[in-house]
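The values are calculated or read from the model by the stated rules, or taken from the named source; none is laboratory data. Note that the structure is predicted; figures quoted are calculated from it, not measured. Every residue, glycine as well, gets a Cβ built from its backbone with ideal geometry; the counts of neighbours run over all protein chains shown.
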Amino acid sequence: MSPLAVAGPRLAALLLGAASVAWAAAPLKNGGLAPALLTVSIVVVAAGALRLALVDIPQPDDYFFQPGYVRAWLVVAGLLRTWAWEETAVVAILWLEVQHPARPWHTAALGAGVAAYLLVTHIAESGADPAQVLRRQAKILAVGACLLALGAGFAMLPAATPGAGAALLRVLAAAAVVLAVALVLPA
Amino acid sequence: MPTLMRNERGRLSIRLAHHRAKSAKSANPASSADLGASIEIKSEDVAVTWRPSRHARRLLTLAAAALLLAVITRRPELAGVAGPPLLLLGAARVSPRGRQDRLGIRVGLTATRVYEGEPAALDVTVASDSHDARWSLEPGKCVEPTSAPSVNGQAARFTFTVDRWGKRKLGTVTLRLHDRWRLTEGQVALALPAIDCYPSPAVQRTQVVLSKLPNRLGEHRARVPGEGVEFTGVREFVPGDRQRAINWPATTRRGRLQVNTFAAERSQDVVLLVDATSDVGEPGESALDLGLRGAAGAARAYLAGRDRVGVITYQWGGARWLAPSLGRRQEYKIIDVLIEADTGYTRGAIFSRLPRAALPPGALVVVFSPLLDNRFVETLRDMRERGFSLIVVDVMNAEPPARRAFADSAARRIWRLEQQAIRFSLRELGVPVVTWDGRTPLDIPLAPYTRRPLVTRR
């Protein structure tokens, strides 16, 4: 495997993660949890990219006799390998998104970006052929994009009555449609 | 031991692991195709454990977080974000076809015995093409991969070198299988067998030859007349001499029949004595490493000269030995004994005399030792007093650490004096001691003793 073929998906994962964070953070907000969530998102996306970059470096069996700085580095590398950075990044990015007022199409685009980030991260860490993976999942991904648009469309429908109950009903209706499609279509 | 394998014509041939000198380490590594076909050493039907992949767990996190936030914040568009991951998870859930609980895996090696630094390849194949397979190699101790540690595909080849002699476990090879959605993964870990790594033999082209050789046909020129090819002189013809030996020019000059005389050609018994009681120095360049490499090189050189060569490794658990014999096979037998060398301490294992069967009378004993153990030095003195011709190759290449404290520097000086005294006492007994650093050919330190026969004194 050529170095470019190895580095390409890793770089793409970093760029997609960074783009998702930037997309969710824009426009920047100063109050509330937004700054902290932005910091966490940046850190975890960077750590995930670092994990992918270091995945080929073997971990020694025993490092008891190594110098202090080597042991410290190995502890950091071990932490990079074990922590679920991408899962943390997903939660932090979505949470960062809900810090802003409702913006359906913006959120739908973010959903597509985050899904792409996870898929490319998997391709980068497993060394799978991107063309083959995307070809196999093309139909499902197309239907998923339709569901994203459906969710955004639900959000743009005017509420039947003012109040929290109607908003919750819209959410439940959208979730029910999404779940139904997810359960029925693959069969 | 040689390895049996099939050549390109389908005939069985003997593949001998070729010597690769230390200098060749810096050369370009052989490509994996150059290493040839592998021999099957393991073929197993293994159970596969299937579980959700990391990708599936991430998608589940995305879907759960999006649905939860949608309900909490009452935003339907977040429910739409959960759509693509839920679809993928559902697809994987309802179509688990092709997941096999058992898989056939074949493991092959291009060589089961290698020299230090010699490239070899490991071939792994899975008998299933319904999954995306990814192989990864976790190398064992002293095993250095020279190819990518992870390879995709039903079959993979990993190339590696072994850095240090001994019986080395190759490590573990892990096979990861993915379904078409890459949401379920099966994992199989296979422990790889051990490989024998021989010490890289030192370069030695010349041989130390004794002045008194046993009466056995060989290739060394003896001092007595015989049927060799080297001319030694002319003498008068006596009945029984062969007619073809008549020197006609000398006969014409002297008026009486003269015949040429030739030197006899004899072989000798050589015993390589390796001191494995102490192993000091950096791993890979330690005294024992140098001793074994030197002994392997000497075994090769003397066997090439048609001498009978045996080996003794002197260690705490007792001596391991191999009686002198001839031939290529003996070289591999000797190295097999050498790699069993163990510096581990065994309480109560003391012996002052070496096994009699391993030491034929009149044999040349080539000793590889750092001369750190007094009992070993006493054994050498005892052998010398019994009339054996010894030559000691000093493989000590480390010193106690240099520190500033007065006591430490004084101890270091005393240690050096002791070492010099040991070597002096051996020289006084008529045992030559030469120092070898492990980098130069063995011919260089042995040069003063290879130019002329080593005089046997009793």
Looking at A:VAL91 and the list (1) under 16 Å from A:TYR117 (Cβ atoms); (2) away from chain B (no Cβ under 14 Å); (3) without any contact (Cβ under 8 Å) to a residue 40 or more places away in the chain, which single condition is not satisfied? (2)
Residue among A:ALA25, A:ALA7, A:ALA13, A:ALA53 that is under 22 Å from the mean Cα position of the chain (by Cα) and more than 26 Å from B:PRO145 (Cβ to Cβ): A:ALA25
Just checking, which of A:ALA109, A:ALA124, A:ALA115 is within 28 Å of A:LEU37 (Cα to Cα), at the interface with another protein chain (Cβ under 8 Å from one of its Cβ atoms) and surrounded by 14 or more Cβ atoms within 10 Å (Cβ to Cβ)? A:ALA115
Which residues, taken from the stretch A:127-155, are more than 7 Å from every other protein chain (Cβ to nearest Cβ) and touching a strand residue (DSSP E or B) at 6+ places or on another chain (Cβ under 9 Å)? A:ASP129, A:GLN132
Among the residues in the stretch B:419-428, are any touching a strand residue (DSSP E or B) at 6+ places or on another chain (Cβ under 7 Å) and of a type in the set (D, E, K, R)? yes
Test: residue in the stretch B:189-196 that is surrounded by 22 or more Cβ atoms within 10 Å (Cβ to Cβ) and either polar (S, T, N, Q) or in contact (Cβ under 8 Å) with a residue 40 or more places away in the chain (or both): yes
For residues that are of a type in the set (Val, Ile, Thr) and closer than 30 Å to B:LEU190 by Cβ, scanning just the stretch B:31-61, find the one that is farthest from the other protein chains (Cβ to nearest Cβ). B:ILE39
Please indicate, with yes or no, whether at least one residue in the stretch B:149-161 is within 14 Å of chain A (Cβ to nearest Cβ), more than 26 Å from B:HIS55 (Cβ to Cβ) and not basic (Lys, Arg). yes
Scan the stretch B:244-267 and give yes if some residue there is surrounded by 19 or more Cβ atoms within 10 Å (Cβ to Cβ) and either in contact (Cβ under 8 Å) with a residue 60 or more places away in the chain or under 21 Å from B:ARG168 (Cβ atoms) (or both), otherwise no. no
Go through the stretch B:107-138 and give me each residue that's in a loop (DSSP other than H, G, I, E, B), out of contact with any Asp or Glu (no Cβ under 9 Å at 6 or more places or on another chain) and modelled with pLDDT of 85 or more. B:GLU118
In this structure, is B:ASN215 at pLDDT 90 or above and farther than 30 Å from B:SER136 by Cβ? no
One residue is enough: does the stretch A:43-52 have a residue meeting the conditions facing chain B (nearest Cβ under 9 Å), part of a helix (DSSP H, G or I) and within 30 Å of A:VAL171 (Cα to Cα)? no
Restricting attention to the stretch B:62-86, which residues are more than 7 Å from every other protein chain (Cβ to nearest Cβ) and either in contact with a strand residue (DSSP E or B) (Cβ under 8 Å, 6 or more places away or on another chain) or among the small types (Gly, Ala, Ser) (or both)? B:ALA63, B:ALA64
For B:TRP135, work out the one condition from (1) within 18 Å of B:THR49 (Cα to Cα); (2) more than 12 Å from chain A (Cβ to nearest Cβ) it doesn't fulfil. (2)
Residue set B:VAL107, B:VAL162; condition among the aliphatic types (A, V, I, L, M) and under 30 Å from B:GLY294 (Cβ atoms); output residue B:VAL162
Output for the stretch B:298-342, where each listed residue is part of a loop (DSSP other than H, G, I, E, B), under 26 Å from B:LEU213 (Cα atoms) and touching a strand residue (DSSP E or B) at 6+ places or on another chain (Cβ under 6 Å): B:GLY305, B:ARG306, B:ASP307, B:LEU326
Strands (runs of 3 or more DSSP E) wholly in the stretch B:349-444 with at least 1 residues that are under 24 Å from B:ALA296 (Cβ atoms), over 26 Å from the mean Cα position of the chain (by Cα) and modelled with pLDDT of 85 or more - which ones? B:389-394
Checking A:LEU74 against (1) surrounded by 14 or more Cβ atoms within 10 Å (Cβ to Cβ); (2) within 12 Å of chain B (Cβ to nearest Cβ); (3) in contact with a Pro (Cβ under 8 Å, 6 or more places away or on another chain); (4) more than 30 Å from A:VAL177 (Cα to Cα), the condition it does not meet: (2)
Applying the selection to the stretch B:252-287, what residues are under 30 Å from B:PHE237 (Cα atoms), among the polar types (S, T, N, Q) and out of contact with any Phe, Trp or Tyr (no Cβ under 8 Å at 6 or more places or on another chain)? B:THR252, B:SER267
I'd like the residue in the stretch B:179-225 that is assigned to a strand (DSSP E or B) and among the basic types (Lys, Arg) and, out of all such residues, is farthest from B:GLY305 (Cα to Cα). B:ARG223
Residue check, A:LEU16 in contact (Cβ under 8 Å) with a residue 12 or more places away in the chain and more than 18 Å from A:THR121 (Cα to Cα): no
